[in-house]
1. On the basis of being open to solvent by 80 Å² or more (accessible area, probe 1.4 Å) and not in a helix (DSSP H, G or I), does L58 make the cut?
2. I want to confirm something. Restricting to region 20-53 and keeping residues that are within 18 Å of the chain's Cα centre (by Cα) and of a type in the set (G, A, S), which single residue is most open to solvent (accessible area, probe 1.4 Å)?
3. Of all residues in region 1-51, which are in contact with a helix residue (DSSP H, G or I) (Cβ under 6 Å, 6 or more places away or on another chain), more than 21 Å from T274 (Cβ to Cβ) and more than 8 Å from the ligand (Cβ to nearest atom)?
4. May I ask you to list pairs of residues, at least six apart or on different chains, whose Cβ atoms are under 8 Å apart, with the first in region 16-34 being without any contact (Cβ under 8 Å) to a residue 40 or more places away in the chain and the second being open to solvent by 10 Å² or more (accessible area, probe 1.4 Å) and part of a strand (DSSP E or B)?
5. What pairs come up if the first residue lies in region 277-297 and is at positive phi, the second is within 8 Å of the ligand (Cβ to nearest atom), and their beta carbons are under 8 Å apart, counting only those six or more places apart or on different chains?
6. Could you pull out every one of the helices (runs of 4 or more DSSP H) wholly within region 112-210 that has 2 or more residues that are within 16 Å of the ligand (Cβ to nearest atom)?
7. For region 96-111, give me each residue that is over 17 Å from T29 (Cβ atoms), assigned to a strand (DSSP E or B) and not aliphatic (A, V, I, L, M).
Amino acid sequence: MTESFDVAVVGGGPAGLSAALNLVRARRTVLLVDANRPRNSATLRSHGYLTRDGISPLELRRLGREELLAYEGATHWQTIATAVTVTADGFEVRCEQRGEVRTATARIVIAATGLHETLPALPSMRAWYGTALHSCMECDGWDKRDEPLALLGAHPDLAERALLLSQWSDDIVVFTGGAEVVTAAEEAGLTARGIRVERRAVRDVVGERGAMTGVELADGEVVPRTAGFVRPEWSPALEYLEPLSPRLDDDGLLVVDDHGRTSVDGLYAAGESTAPGPQQLIVAAGSGARIAAVVNRDLVGGLQDLPDAVQ
Ligand SMILES: Cc1cc2nc3c(=O)[nH]c(=O)nc-3n(C[C@H](O)[C@H](O)[C@H](O)COP(=O)(O)OP(=O)(O)OC[C@H]3O[C@@H](n4cnc5c(N)ncnc54)[C@H](O)[C@@H]3O)c2cc1C
């Protein structure tokens, strides 16, 4: 059976949860569809979220869902949205997980499905990611302050990131893995700030008894490092929106106006699936709240929408 809602929010990270919470409080019926695969699940503790500094990512979401589901207008489906299509008065959201198909209709859809990360392809990368290696300096730089740090990646913004990292440590080695992503001029600038650029190919990140000890180069040399940061490639998870063909930017992120409206009437977006991409938890939550207010106002309609009899 198809259930109907005012708003379907796809994605239950901080952006989607915050949008849904603010919309039920505006007396809207809201369906939250979430696959529950947080981008930050690799880490044990989340930092920088006011009043929740150090909380586990899953606990933050659990608290968010608990708050949301205390309102009678809220419904939560843990499943995967596979297709959103246009109907006469809004959208149909098709979901499927392990063969179980569910559909809902909604006047509005908010896309809040975040990003996928592709990490540098090293054998032990996953084992260190979230503990010794991180991607967000604002989130985890403090906890690695003053340590001998590695910065690994193959993206042209690597030098810029190395500069930022120097706020947390003055012992940094940048590993390009052999990719031509740091120019000679950038290297000279980094060297002047005491940051070394290592251009040899990287074999792996190594350690002992759960503690990272270094970055092993392809020639066998190990550069001692106790922690570091990586520069993943990010891509949005938007396959379910393909039937709507919303406008995307060059990075594949949803193009939105200042109010979170996409190029498709009735489709809004919040959080990291919109430009500029990677953010922080509190920024994503703020974006959800902001878009919720716009959606609610748009659903109220204008004076011109009143029936002739009362105009
Ligand atoms: C390792 C790591 C550590 C981090 N640490 C911090 C930190 O300490 N502090 C901080 O502020 N930020 C941190 N971040 C960044 C933070 O995780 C993101 O800024 C935030 O999660 C973005 O929120 P979001 O709601 O846009 O997307 P997400 O949190 O990624 O949520 C998107 C949700 O959508 C769901 N989804 C995707 N596709 C579908 C679909 N088709 N159907 C249904 N559901 C779907 C996903 O399962 C997920 O639950 C970290 C990120 C990483 C990778």
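The values are calculated or read from the model by the stated rules, or taken from the named source; none is laboratory data. Note that the structure is predicted; figures quoted are calculated from it, not measured. Heads up, the Cβs are rebuilt from the backbone with ideal geometry, glycines too, and the neighbour counts pull from every protein chain shown. Each accessible area value is taken on the protein alone, full model and side chains, heavy atoms only, with ligands, DNA and RNA left out. Shrake-Rupley method; radii C 1.70, N 1.55, O 1.52, S 1.80 Å.
1. no
2. That would be S41.
3. If the condition is that a residue be in contact with a helix residue (DSSP H, G or I) (Cβ under 6 Å, 6 or more places away or on another chain), more than 21 Å from T274 (Cβ to Cβ) and more than 8 Å from the ligand (Cβ to nearest atom), then A26 is the only one that fits.
4. Filtered contacts from region 16-34: no entries.
5. Pairs found: G277/L115.
6. Answer list for region 112-210: 125-128, 137-140, 158-165.
7. E96, Q97, E100
Quick grid of which residues meet (1) modelled with pLDDT of 90 or more; (2) away from the ligand (no atom under 11 Å from the Cβ); (3) in contact with a His (Cβ under 8 Å, 6 or more places away or on another chain):
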site: A269; (1), (2), (3): yes, no, no
site: S273; (1), (2), (3): yes, no, no
site: L281; (1), (2), (3): yes, no, no
site: V294; (1), (2), (3): yes, yes, yes
site: L299; (1), (2), (3): yes, yes, no
site: L303; (1), (2), (3): no, yes, no
